[in-house]
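Asks: Shown below is the structure under consideration.
Please treat every number below as a calculation from the coordinates, not as lab data. Keep in mind the model is a prediction, meaning the values are calculated, not measured. Cβ atoms come from the backbone with ideal geometry, glycine included; neighbour counts cover every protein chain shown.
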């Protein structure tokens, strides 16, 4: 970074760094991109059906099999659902590839589209239909009396209101279940009836089909003299479920005490030092970036909120309350960003005499930004390679594994193609809070740059422990290495370069996610997300071109 008052000049990229970036990109493609491309069997279509197609298939099934008659005001809501517990167990025990090779994922998928009917008439039943995301085939259903606001909502509440066939004999239950087993091309003679049915009316076990320790089960519930729900599949062993619960509890504590509280303290200190160092900074600085951050965060929040399944007064009130809560949270985070930018700018200029975040009016700013985006891309490639190596090391040492998470899936976003805007939120706020302000703040306390970098990196790393990656310790270890590299980039190249490197790093990961979705709009959005940081930097450069030297008048040469 440049000293205060000196001409802007970005550090040149060495051949060694460029080669490292190329190697990092190759490693990323080899070990993170290629396995996903080669994971599906040859010739098998892995394109996900649209939600509209899933809704149409669910309506057709309900009309043909569940005596449903569509009404004008009926609402079908389609969401992505996943059995993260069972998939996590398979991932942990290296069973996913075998599960796919045996084509068990086609009849008993762990990822489904769930179409839920919220009928307009109170007397009509609520219907839930699960479909294979790739083939559109029905894999499970549930039909129960519509849940009122007093009774609660959701599948669990629906099930709790069922009688489970309490008045039916075992023979009657078998007779009712048999047509559905035949519908699913299952021979009842090969099945064993479970004596302990738990919360279900009837449970069959197929001991000939086993995945690790998990046996194949068929679950039936009854209402009156009808099958009210059917589901088939596997469940993770109890010891695995217990392990995940313990790890999740640990992650919540690390997030609260390792990330939430320290970040709040940094926010308060940023406000304090914005005031104390006001003579060396400006409260106008950061207004544009924090405002843009607020707008992007609100768009992202709206995009991630699930679509409403009802138009009633209660649903509308809930939506308004949730919107207000997220708006206040977005405002809080934008304020934290703003004061981190103002306070950090004052600290660097006063304490260090450095200018890590130049003004747009400074000579050479446009070229500086253009050089920064070049450094950002190269360092992003390096970081992707380092992350890949870390994944390999952790897989051999901690035997880490990951699972699915419906709450973070782009399939549950209103517009999946908006996913990459999250990269700009992370790159801007995290680099401003933990690097631009956090490093000089903690350096004042500990008098050591490395310790300041390490502590802020750990705080940042603990904020990512709720991701479905286990054991929980593997995520902070990986991100501590990544975070220290971000700190190095910041100290060496300045705030703009490290922000771009973070944005590019996340944009490539999120862009690849969209490209793997294969839908044309998402593929295009994924490619655009990867090149967008360069477009932004180039626009800044065009609005701030290098100033040509003024011609010298002949009289001045005398």
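Asks: How tilted is helix 365-397 with respect to the longest principal axis of the chain? Cα atoms for both, answer in degrees (0 to 90, nearest 10).
Replies: The helix 365-397 is inclined about 40 degrees to the chain.
Asks: I need 223, 429 ordered by Cβ neighbour count within 10 Å, fewest first.
Replies: Values: 223 18, 429 22.
By the 10 Å Cβ count, ascending: 223, 429.
Asks: Can I ask one more? Apply the a/c threshold of 1.5 to the C-alpha gyration tensor of segment 240-543 and tell me whether it is rounded, prolate or oblate.
Replies: Working: a/c = 1.35, a/b = 1.26, b/c = 1.07.
In terms of gyration-tensor shape, rounded.
Asks: Let me ask something additional. Going by average Cβ neighbours within 10 Å, how do the peptides 198-206, 317-325, 93-101 rank, with the highest at the top?
Replies: Working: 198-206: 17.1, 317-325: 11.4, 93-101: 14.3.
Top of the packing list down: 198-206, 93-101, 317-325.
Asks: Hey, another quick one. Roughly what angle does helix 15-28 make with the longest principal axis of the chain, taking Cα atoms, 0 to 90 degrees, to the nearest 10?
Replies: The two axes meet at around 10 degrees.
Asks: Determine the shape class of segment 50-236: with a ≥ b ≥ c the square roots of the Cα gyration tensor eigenvalues, call it rounded for a/c under 1.5, and otherwise prolate if a/b is greater than b/c, oblate otherwise.
Replies: On the way: a/c = 1.75, a/b = 1.24, b/c = 1.41.
In terms of gyration-tensor shape, oblate.
Asks: Moving on to the next point. Run lengths n ≥ 4 of DSSP H only: what is the helix-derived mean residue ellipticity at 222 nm for the chain, with -39500 (n - 2.57) per run over all residues, to the nearest 500?
Replies: On the way: 19 runs with 291 residues, N = 558.
So the helix-based figure for the chain works out to -17000 deg cm²/dmol.
Asks: Roughly what angle does helix 51-65 make with the longest principal axis of the chain, taking Cα atoms, 0 to 90 degrees, to the nearest 10?
Replies: 10
Asks: Oh, and also: I need to check one value: relative contact order of the chain, counting alpha carbon pairs closer than 8 Å and at least 6 residues apart, in percent. Don't jump to the answer; show the numbers that get you there.
Replies: On the way: 821 pairs, mean separation 103.2, N = 558.
Taking the mean separation of contacting Cα pairs over the length of the chain, I get 18 percent.
Asks: Figure the gain on full extension for residue 13 and residue 70 (residue separation times 0.36 nm, minus the Cα-Cα span) and round it to one decimal in nm. It would help to have the intermediate numbers written out before the result.
Replies: Values: separation 57, 0.36 × 57 = 20.52 nm, distance 6.38 nm.
Stretched fully, the residue 13-residue 70 segment lengthens by 14.1 nm.
Asks: Would you mind putting 504-510, 292-298 in packing order, based on average other-beta-carbon counts within 10 Å, highest first?
Replies: Details: 504-510: 23.6, 292-298: 17.6.
Listed from highest to lowest mean packing, they are 504-510, 292-298.
Asks: Rank these for me by crowding, 139, 129, going from fewest to most other beta carbons within 10 Å. Working shown, then result.
Replies: Numbers: 139 21, 129 29.
Listing 139, 129 from fewest to most nearby Cβ atoms yields 139, 129.
Asks: Order these by the 10 Å Cβ neighbour count, fewest first: 456, 263. Don't jump to the answer; show the numbers that get you there.
Replies: Values: 456 27, 263 20.
In increasing order of surrounding Cβ atoms, one gets 263, 456.
Asks: How many times 2.2 N^0.38 Å is the alpha carbon radius of gyration of the chain? List each step's numbers first, then the result.
Replies: Values: Rg = 28.0 Å, N = 558, 2.2 N^0.38 = 24.3 Å.
Rounded to two decimals, the normalised Rg is 1.15.
Asks: As an exercise, use a Förster radius of 45 Å and the Cβ-Cβ distance of residue 106 and residue 280 to find the FRET efficiency, rounded to the nearest 0.05.
Replies: Values: r = 64 Å, r/R0 = 1.43.
For residue 106 and residue 280, the calculated efficiency is 0.10.
Asks: With a cut-off of 8 Å between alpha carbons and a minimum separation of six or more residues, what is the relative contact order of segment 50-236 in percent?
Replies: On the way: 299 pairs, mean separation 34.2, N = 187.
Reported relative contact order: 18 percent.
Asks: Could you give the length gained by full extension between residue 189 and residue 77, i.e. 0.36 nm per residue of separation minus their alpha carbon distance, to one decimal place? Can you show the working numbers first?
Replies: On the way: separation 112, 0.36 × 112 = 40.32 nm, distance 3.69 nm.
Going from the current span to full extension adds 36.6 nm.
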